[in-house]
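Just below is one structure, and these are the notes that go with it.
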Amino acid sequence: MPEDSSDRYAFDVCGFEELKQVGAITVTFRNSEHRVHDVGVFWDGEAAYAIENLCPHAFGFLHAGSIQPRKVICPVHAAVFSLETGQCLDGFTYDTKAYATEVRDGRVWVHLPGEEPWERKGPKWVRGKGFFE
C-alpha cells in the first residue's frame, strides 16, 4: 500500500508484466457494507483497466471473456462492457462498475475507495489454467 495518505484506497494488485502475459486477473475485496466481490483487472493490449468481475445479467466471470481494445465480452451471453466505464455497450444488461487504475513502478494499482482486500478461501479460477488451490 502506498505511503501517501491520499492513496489510502489504492491497492497494488499485480505486476504489470504478469498482467500483460495473462490478460486478466481477479482480486477479491470487501466493501463498507461487508459485501465480498471480485474485481477483474484487464490488459487489452494498450492499457490496464479494472471493473466489477461479474456480469449483472448472468453472473458470468468477465475475466474469462474475450478481451478486445477497451472492452470485454461476457463469456455467458456475450454482453459487451466498456473497460473504461463499465457501461454495457450493447444494451444487453445493466452497467457494471469501473475503477480507476494506474501503472506505477511496474505494478498495477487499483483505486477502490472504502474497500479492503479479502482473502478468498478454496479453489480459484485463473484464465487459461482453470480451477486450482
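Here, each number is a calculation from the coordinates, and none is a lab measurement. Values in this document were obtained by computation on a predicted structure and should not be read as measured data. Every residue, glycine as well, gets a Cβ built from its backbone with ideal geometry; the counts of neighbours run over all protein chains shown.
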Residue among Gly86, Gly40 that is on the phi > 0 side of the Ramachandran plot and under 13 Å from the mean Cα position of the chain (by Cα):
Gly86
For the stretch 7-21, indicate whether the set of residues that are more than 16 Å from Glu116 (Cα to Cα), of a type outside the set (Asp, Glu) and in a loop (DSSP other than H, G, I, E, B) is non-empty.
no
Within the stretch 75-99, which residues are within 17 Å of His37 (Cα to Cα) and free of Cβ contacts under 8 Å to residues at least 24 places away in the same chain?
none
Among (1) over 26 Å from Thr93 (Cα atoms); (2) free of Cβ contacts under 8 Å to residues at least 60 places away in the same chain; (3) among the small types (Gly, Ala, Ser), where does Gly45 come up short?
(1)
Restricting attention to the stretch 9-62, and to residues there that are closer than 15 Å to Gly106 by Cβ and in contact with a helix residue (DSSP H, G or I) (Cβ under 8 Å, 6 or more places away or on another chain), which single residue is surrounded by the most Cβ atoms within 10 Å (Cβ to Cβ)?
Val41
